[in-house]
Amino acid sequence: MTPDTPSVFGAVHLGYLVIETERFADWRRFGADAIGMHHDALDADRMRFRLDDKECRFLLVRGPAEDVVAMGWHLADHAAFEQVEARVRASGVPYRRGTEQEAAARGVERLLRFPGPKGITQEIATAPRTAAEPMTMLAGGFVTGESGMGHVALTTTRPAETRGYFTHVFDARLTDYIDETVSGAKLKIRFLRVNERHHSIAVAAVRGAPVDPIRTRVQHLNIQVAELDDVARSYQRVHELGFSMALSVGQHTNDRELSYYARTPSGFEWEVGWNPIVVDESTWEPSTHQGISVWGHRPVGQTIIDKLAQFRTATRSLAHKEQTVPQLGGTGIPDA
């Protein structure tokens, strides 16, 4: 963004995610019966989950990836949409407008699709549609609104480039850092916000080594429940229905969110959290926290086989160049 270009910060909200999977039956049980979201079956190859009155928060499409394949950003108005669209067009990257069918599946009006870090397509959209049917779900409610629907965490071998991308495209701001050691590996995690939510993107990297120990493009995604009881009740349902838990209940050091992490049918993790802090732009200054948790968030059922699998994934990542989009700011932003 140049000094004379208006910022879209505050007009950007994480709106929906697109997940590609062949495990529709397991995802139906996980999303509706364990996590407690509203489920809509569209056809044999597509289904959606809702968190609120919007038609779509998660679109699941049939395919082999077993991963998040697209991130959808709601723009507050057509002016903000056109600002981001202009940045994409000026960069020279390939982009295309979504079809009427694609927009309808996502419950939006205008849709533009373009490349993002780690091969995750980025989508911008306007005018998310309100569903005609009331919700039927086990959870009492989720927090969305002006903060968007939660956050996505990525592991990367190119953290500066990934941060640069979201800063250039969406005017993301650095909220803070966490330094953590996991199984002997030193991690630095950067937290980026696009509105008052503490972060919509978390970017984690192994310090001093260009390796990525996570198979999936997304390490975890987060949704926020409105009531503490819904953390406990969904945690219990995840266990009772036989889904595996990744991390037990705990509280984070930086955003103070109380949460747990379940493992999805596709293998990446799903965080259910409650009561994170809201950033006050007039006073906030980035800082560094030691460790991800004040208490809790202990690994559940992790075996030596799991650790070896992560080691193999990290080793294989050395042979593959991670996708960045240098035309859209992915040339890197050094840490302060």
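The values are calculated or read from the model by the stated rules, or taken from the named source; none is laboratory data. Given the structure is predicted, the values throughout are model-derived calculations rather than measurements. Heads up, the Cβs are rebuilt from the backbone with ideal geometry, glycines too, and the neighbour counts pull from every protein chain shown.
Might you let me know whether the range 235-245 holds any residue that is touching a Lys or Arg at 6+ places or on another chain (Cβ under 9 Å), part of a strand (DSSP E or B) and farther than 21 Å from residue 280 by Cα?
Among the residues of the range 235-245, at least one is touching a Lys or Arg at 6+ places or on another chain (Cβ under 9 Å), part of a strand (DSSP E or B) and farther than 21 Å from residue 280 by Cα, which makes the answer yes.
When the range 148-168 is examined, which residues are found to be under 19 Å from residue 123 (Cα atoms), β-branched (Val, Ile, Thr) and not in a helix (DSSP H, G or I)?
Residue satisfying the conditions is 152 alone.
Looking at the range 280-295, can you tell me whether even one residue there is within 30 Å of residue 87 (Cα to Cα), at pLDDT 95 or above and among the hydrophobic types (A, V, I, L, M, F, W, C)?
For the range 280-295, residues within 30 Å of residue 87 (Cα to Cα), at pLDDT 95 or above and among the hydrophobic types (A, V, I, L, M, F, W, C): present.
So, in the range 169-188, how many residues would count as being more than 18 Å from the chain's Cα centre (by Cα) and either part of a helix (DSSP H, G or I) or at positive phi (or both)?
Number satisfying all stated conditions: 2.
Take the range 51-63 and flag every residue that is buried (at least 22 other Cβ atoms within 10 Å of the Cβ) and assigned to a strand (DSSP E or B).
58, 59, 60
Which numbered condition in (1) free of Cβ contacts under 8 Å to residues at least 60 places away in the same chain; (2) within 21 Å of residue 159 (Cβ to Cβ) is the only one that residue 255 fails?
(1)
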